[in-house]
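Peer 1: The structure under discussion is supplied below as structure tokens; questions concerning it will follow.
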Amino acid sequence: MWKLKGENISKSFGGVTALKEVNFGIKEGEIVGLIGPNGAGKTTLFNVVAGVYRPDKGSIYLDDENVTNLNSHQLCRKGIARTFQIPRPFPELTCLENIMVSIIGREEKIHNSNEKLKEAKKFLKFVDLDNYGNILAKNLNLIQKKRLEVARALATNPKIMLLDEVFAGLNNTEIRDAVKLIERMKNEFEITQFWIEHVMGVIMEIAERIIVLDNGEKISEGKPIEVARDPKVIEAYLGDTDV
Amino acid sequence: MKKSNKNLLLVIFLGIVVCLPFLLDDYWLHVAILTLFYVIMASSWNLLAGYTGQVSFAHAAFAAIGAYISGILSVQMSISPLITLLFGSVIAAIFGLGLGLLCLKMGGIYLSLTTLGFSEIVHIIIKNEYEITRGTMGLEVPNLLGFYSKTAYFYIMLLVTFIIIFFLAKLIKSDHGLKFKSVLNDELAASSIGIDTVKVRVIAFTISSAIAGFAGGLYGHYLLLITPEMSSLSQMFMILAMTIIGGMGTLSGPIAGAVFLQVLSEYIRIFGKFHLLLFGVISLLVIKFAPGGIVGLYRKITQSKTDPLKIETQSKYDY
Amino acid sequence: MSSLFVNIFNGIVIGTIYALSALGISLILGAMNVMNFAHGEFYIFGAYFSYFFSRSLGFSPLIAILLSLGLIFWIGFLVEKTLIHSTYGNLMDSLIITFILSIVLQNIALIIFGPYPKKPPSWIIGSINVLDLFYYSSQRLITFIVAVLLLILFFIVMNKTWFGKIVRAISADREVASLMGINCDKVNSFSFGFGVALAGVAGAIISPIFGVTPMGGVGIGLTSVVVVVLGGMGSFKGCVIGGLLLGIIENIGVAYISSGYRNIFGFIILILILLFRPSGLFGTTIK
Ligand SMILES: Nc1ncnc2c1ncn2[C@@H]1O[C@H](COP(=O)(O)OP(=O)(O)OP(=O)(O)O)[C@@H](O)[C@H]1O
Ligand SMILES: [Mg+2]
């Protein structure tokens, strides 16, 4: 019944335990938030799910298939797309080329180049970057880079999207725009979303369920209101100076 | 620069190149042939370093493999060099594929150190296996055509150079080229959107090895005497220096670099033993102060004259 | 039988030299994430300088080695400041630059010292009877003792001094180290100087036995890299064991196969490691 499921995932770097026996599950079509203070292990969990790191222990299942040992590109072809906390578009490629790489990466057999270009433009338009097609990605500002990255991830035709702090560094109007984007992603592309946010802001309004990590351990899980009231969560966030 | 202008320049340049045998004396025609060899070598090394971000130090060694395989086969089995040439290229490609598969899953640094080792080993084997390779004496190999004509050889080299440059240009513009560039730009991001980065790098490495093997064979059947010097690190350095001085990551860079260094070599012949030192210092200066090389400088000059905003949209890579 | 002992012992002697040189590469790789392909050239310059100070200026061998060591350190320091520093974080640039540097240094050596081998004076003459098994050259024995002392000194520096602790912290995790307020940039120049000085001193102490040529650095540079991979990138202990192992294998191989193929054993080992144990004996692979 889970679209994506992680069982007892542990990961450490040298002496630092970044994840300790973490369990989670996401249902098809759900928007799930992953929150936790600085260094809680959120990004590490994404990296493990997306195949950047192998977990020391535990397994990951996609549609009940064990995908723990697959590489990033294999997971992407199976339908897991992700964005990065610090956006990483290809700096020396144009915005259009950035998205073309995703479309090429699908390795579909029949596909003429005009169609590919049209499709790439469609994704650029989706994130309101249609006027920037021929601009090198390194010349974009932070928000545009984040949007380009979302478009690039979408262009892989994912079933699940992992979004790492899309709202960080955005002001209120920009956050509103981003929220609209997220909602359209759900409605137009029917993508299941797993979402990292550092602060308990907007995510509480959109996510259907929240998972809270602290020091590599899952300390709470549930509906946004329940989680916000959980004393363990409040305590974890008290120690965090950024909030 | 406007497209039509650029095309006109290109046509004039090609016209001059095609007429070279009528403009140059015998010696300079020889230099021109060598230059074409280096154009192929630098361009194919550039496919690797400039477009996928992997530094191989075995490019000269692959050329030597091509030359020796083709040479030995044609001498010992009396097969026509036109056929053995292909064998040389295939063997180089196989070595490239093997080395690529061996190292590339572990990241670029392993490719560099393994190819450096490989290059030394090829050098040592050629020197030591005297009975097969004639060691430092050099191996005499037959002429490609069966008759000796510098002019004919020049046109053959030129044709091959055209074909290879054309092929590289097509490749870089193709979907494969875009994959190469994505890997060069950001490996992690590329793999996150479904690009098999190891496969992409192995493919690029194999293609470039095959080209080096072919070019080496052609070169050998022109020189008629091939020596272990072909696989030396000095040769490797020349290829690398040409690419860097010309402009890495552009199609025209290695061509410009090869021509520049070959012609410069001729003019500073009297300083024979300072050659490599001088080229080394020039390349270090280029990396430090003009990382785009000759092509980068040229673009900077022409662009700032025409339209400053254009820099924003110009892709660094040639199309 | 005694010839086997001699070969093994020769292997151990040269192995300590490999270990010293490889520790330099490992240190630079760990502290700066730079693979120094010009390492062998610092090794030959260590030898050339000690030759120059002892033969041409008449210093005693010990003083000549110390002067050469200091000089190599400063050259390394300056090279880092001028050439390597700007490539920081860009692996490809550092590979290319150190390769070009190796060609430049080889040719400088060729121009200054000529193509023929140069040999600093021996420190001691004669040979010693080792446990009644074989006679062994005193120079080799004393070189071995000095090399072992230097290896011990290296581990003391890395474990006990402030510099060593900082370098180890950076090697373990660059980001964390910089968060702890370590100025990585400043440490870089020192690490590079220190790393190449290890190659330099290795070259200086072994050159009375083997002499030195302008191209002599290529083999030792490659061997040192192989030792680092064999021992496991990031492991100092691995460098020592890898160095000794490779020294012994090479010497036995050379004795029974052919001296022309000395460097081939290192390469074969490299291929085997890549095939079967990419993380080396004690280390991890680096990305
Ligand atoms: N590649 C790595 N090497 C070593 N340590 C790492 C690595 N990646 C993460 N860590 C460590 O793992 C812990 C968890 O880091 P992670 O980036 O997952 O936290 P996070 O929850 O995403 O925090 P933030 O809100 O700051 O993004 C931290 O202590 C971090 O230093
Ligand atoms: Mg994070």
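The values are calculated or read from the model by the stated rules, or taken from the named source; none is laboratory data. Source: prediction; values computed, not measured. Heads up, the Cβs are rebuilt from the backbone with ideal geometry, glycines too, and the neighbour counts pull from every protein chain shown.
Peer 1: Pick out the one residue from C:VAL254, C:VAL196 that is more than 14 Å from chain B (Cβ to nearest Cβ), surrounded by 18 or more Cβ atoms within 10 Å (Cβ to Cβ) and not in a loop (DSSP other than H, G, I, E, B).
Peer 2: Of the residues listed, the single one that is more than 14 Å from chain B (Cβ to nearest Cβ), surrounded by 18 or more Cβ atoms within 10 Å (Cβ to Cβ) and not in a loop (DSSP other than H, G, I, E, B) is C:VAL196.
Peer 1: Determine whether A:PHE13 is within 16 Å of ligand 1 (Cβ to nearest atom), modelled with pLDDT under 90 and within 14 Å of another protein chain (Cβ to nearest Cβ).
Peer 2: Numbers: within 16 Å of ligand 1 (Cβ to nearest atom): yes; modelled with pLDDT under 90: yes; within 14 Å of another protein chain (Cβ to nearest Cβ): yes.
Taking the combined requirement at face value, the residue satisfies it.
Peer 1: Among the residues of the range B:19-39, is there at least one that is at pLDDT 90 or above, within 14 Å of chain C (Cβ to nearest Cβ), surrounded by 16 or more Cβ atoms within 10 Å (Cβ to Cβ) and under 23 Å from the mean Cα position of the chain (by Cα)?
Peer 2: Checking the range B:19-39: not a single residue is at pLDDT 90 or above, within 14 Å of chain C (Cβ to nearest Cβ), surrounded by 16 or more Cβ atoms within 10 Å (Cβ to Cβ) and under 23 Å from the mean Cα position of the chain (by Cα).
Peer 1: If I filter the range B:264-281 down to residues being modelled with pLDDT of 90 or more and over 19 Å from the mean Cα position of the chain (by Cα), which single residue comes out as nearest to C:GLU80 (Cα to Cα)?
Peer 2: B:VAL281
Peer 1: Turning to a different aspect of this structure: Condition first: free of Cβ contacts under 8 Å to residues at least 12 places away in the same chain and either more than 7 Å from chain A (Cβ to nearest Cβ) or crowded, with 21+ Cβ neighbours inside 10 Å (or both). Now tell me which residues in the range B:166-185 satisfy that.
Peer 2: Correct list: B:PHE166, B:PHE167, B:LYS170, B:SER174, B:LEU178, B:ASN185.
Peer 1: Just the residues that are within 14 Å of chain B (Cβ to nearest Cβ), buried (at least 17 other Cβ atoms within 10 Å of the Cβ) and more than 16 Å from ligand 1 (Cβ to nearest atom), please, taken from the range A:137-148.
Peer 2: Hits for the range A:137-148 are A:ALA137, A:LEU140, A:GLN144, A:LYS145, A:LEU148.
Peer 1: Among the residues of the range A:103-124, which ones are over 28 Å from the mean Cα position of the chain (by Cα) and aliphatic (A, V, I, L, M)?
Peer 2: Answer for the range A:103-124, where residues must be over 28 Å from the mean Cα position of the chain (by Cα) and aliphatic (A, V, I, L, M): just A:ILE110.
Peer 1: Output yes when any residue across the range A:65-79 is of a type in the set (Lys, Arg) and within 15 Å of ligand 1 (Cβ to nearest atom), and no when none is.
Peer 2: no
Peer 1: Please specify each residue of the range C:27-46 satisfying the condition of being outside any helix (DSSP H, G or I) and out of contact with any helix residue (DSSP H, G or I) (no Cβ under 6 Å at 6 or more places or on another chain).
Peer 2: C:ASN33
Peer 1: Follow-up. Looking at A:SER72, is it surrounded by fewer than 23 Cβ atoms within 10 Å (Cβ to Cβ), away from ligand 2 (no atom under 16 Å from the Cβ) and not hydrophobic (A, V, I, L, M, F, W, C)?
Peer 2: Working: surrounded by fewer than 23 Cβ atoms within 10 Å (Cβ to Cβ): no; away from ligand 2 (no atom under 16 Å from the Cβ): yes; not hydrophobic (A, V, I, L, M, F, W, C): yes.
Considered against the rule, which asks whether it is surrounded by fewer than 23 Cβ atoms within 10 Å (Cβ to Cβ), away from ligand 2 (no atom under 16 Å from the Cβ) and not hydrophobic (A, V, I, L, M, F, W, C), A:SER72 comes out as no.
Listed here are the residues, each with its yes/no results for (1) at pLDDT below 85; (2) within 8 Å of chain B (Cβ to nearest Cβ); (3) surrounded by fewer than 17 Cβ atoms within 10 Å (Cβ to Cβ).
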| site | (1), (2), (3) |
| --- | --- |
| C:CYS239 | no, no, no |
| C:GLY243 | no, no, no |
| C:SER259 | yes, no, yes |
| C:LEU272 | no, no, yes |
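Peer 1: Going residue by residue through the range A:37-49, is there one that turns out to be modelled with pLDDT of 90 or more, among the aromatic types (Phe, Trp, Tyr) and under 21 Å from B:ILE195 (Cα atoms)?
Peer 2: Looking for residues that are modelled with pLDDT of 90 or more, among the aromatic types (Phe, Trp, Tyr) and under 21 Å from B:ILE195 (Cα atoms), one finds at least one in the range A:37-49, hence yes.
Peer 1: Given the residues B:SER74, B:SER78, which is the only one that is at positive phi, more than 9 Å from every other protein chain (Cβ to nearest Cβ) and small (Gly, Ala, Ser)?
Peer 2: Working: B:SER74 fails: at positive phi.
After applying the criteria, what remains is B:SER78.
Peer 1: Against the definition (within 18 Å of the chain's Cα centre (by Cα) and among the β-branched types (Val, Ile, Thr)), how does C:ILE63 come out, yes or no?
Peer 2: Criteria not met by C:ILE63.
Peer 1: Inside the range A:40-53, can you point out the residues that are of a type outside the set (S, T, N, Q) and free of Cβ contacts under 8 Å to residues at least 60 places away in the same chain?
Peer 2: A:VAL48, A:GLY51, A:VAL52, A:TYR53 - these are the residues of the range A:40-53 that are of a type outside the set (S, T, N, Q) and free of Cβ contacts under 8 Å to residues at least 60 places away in the same chain.
Peer 1: Something else: Out of all the residues in the range A:104-136, which are within 9 Å of chain B (Cβ to nearest Cβ) and not basic (Lys, Arg)?
Peer 2: Within the range A:104-136, A:ILE104, A:GLY105, A:GLU107, A:SER113, A:ASN134, A:ILE135, A:LEU136 meet the criteria.
Peer 1: Within the range B:226-240, track down each residue that is within 11 Å of chain C (Cβ to nearest Cβ) and buried (at least 24 other Cβ atoms within 10 Å of the Cβ).
Peer 2: Within the range B:226-240, B:MET236, B:MET238, B:LEU240 qualify.
Peer 1: Something else now. Right, B:LYS127: more than 22 Å from B:LEU47 (Cβ to Cβ), of a type in the set (Lys, Arg) and not in a loop (DSSP other than H, G, I, E, B) or not?
Peer 2: On the way: more than 22 Å from B:LEU47 (Cβ to Cβ): yes; of a type in the set (Lys, Arg): yes; not in a loop (DSSP other than H, G, I, E, B): yes.
So B:LYS127 passes the test.
Peer 1: Sticking with this one: Name, by its number, the condition in (1) within 28 Å of A:LEU142 (Cα to Cα); (2) of a type outside the set (Val, Ile, Thr); (3) within 13 Å of ligand 1 (Cβ to nearest atom); (4) touching a residue at least 40 places away in the same chain (Cβ under 8 Å) that does not hold for A:ASP56.
Peer 2: Answer for A:ASP56: the failing condition is (1).
Peer 1: Kindly indicate the residue of the range A:16-53 that is within 12 Å of ligand 1 (Cβ to nearest atom) and of a type in the set (S, T, N, Q) and also surrounded by the fewest Cβ atoms within 10 Å (Cβ to Cβ) among those meeting that condition.
Peer 2: A:ASN38
Peer 1: Now, a different point. Check A:LEU4, A:LEU93 and return the single one that is among the aliphatic types (A, V, I, L, M) and farther than 27 Å from A:VAL179 by Cβ.
Peer 2: Details: A:LEU4 fails: farther than 27 Å from A:VAL179 by Cβ.
None of the other options fit; the residue is A:LEU93.
Peer 1: Here are some conditions: (1) assigned to a helix (DSSP H, G or I); (2) within 26 Å of C:LYS237 (Cβ to Cβ); (3) within 16 Å of the chain's Cα centre (by Cα). C:SER68 meets all but one. Which one does it not meet?
Peer 2: The failed condition is (2).
Peer 1: Would a scan of the range A:158-173 turn up a residue that is within 14 Å of chain B (Cβ to nearest Cβ), more than 16 Å from ligand 1 (Cβ to nearest atom) and β-branched (Val, Ile, Thr)?
Peer 2: Looking through the range A:158-173, at least one residue is within 14 Å of chain B (Cβ to nearest Cβ), more than 16 Å from ligand 1 (Cβ to nearest atom) and β-branched (Val, Ile, Thr).
Peer 1: Name the residue that is surrounded by the most Cβ atoms within 10 Å (Cβ to Cβ), counting only residues in the range A:79-105 that are touching a residue at least 40 places away in the same chain (Cβ under 8 Å) and of a type in the set (D, E, K, R). If you could, list the steps in order and put the result at the bottom.
Peer 2: Here is the first cut: in the range A:79-105, the ones touching a residue at least 40 places away in the same chain (Cβ under 8 Å) are A:79-85, A:87-95, A:98-99, A:101-103, A:105.
Retained after the next criterion (residues that are of a type in the set (D, E, K, R)): A:82, A:88, A:92.
Values: A:ARG82: 26, A:ARG88: 18, A:GLU92: 18.
Among residues in the range A:79-105 that are touching a residue at least 40 places away in the same chain (Cβ under 8 Å) and of a type in the set (D, E, K, R), the one surrounded by the most Cβ atoms within 10 Å (Cβ to Cβ) is A:ARG82.
Peer 1: Let me ask something else. Which one of these is more than 27 Å from B:ALA204 (Cα to Cα), among the hydrophobic types (A, V, I, L, M, F, W, C) and touching a Ser or Thr at 6+ places or on another chain (Cβ under 9 Å): B:ILE16, B:ILE72, B:ILE65?
Peer 2: B:ILE72
Peer 1: Go through the range A:61-102 and count every residue that is assigned to a strand (DSSP E or B) and more than 10 Å from chain B (Cβ to nearest Cβ).
Peer 2: So in the range A:61-102, the residues assigned to a strand (DSSP E or B) come out as A:61-62, A:65-66, A:80-82, A:94.
Keeping just the survivors that are more than 10 Å from chain B (Cβ to nearest Cβ) gives A:61-62, A:65-66.
The number of residues fulfilling the criteria is 4.
Peer 1: Restricting to the range A:16-60, and then to whatever is within 14 Å of chain B (Cβ to nearest Cβ) and β-branched (Val, Ile, Thr), can you tell me which residue is nearest to ligand 2 (Cβ to nearest atom)?
Peer 2: Among them, the one singled out is A:THR43.
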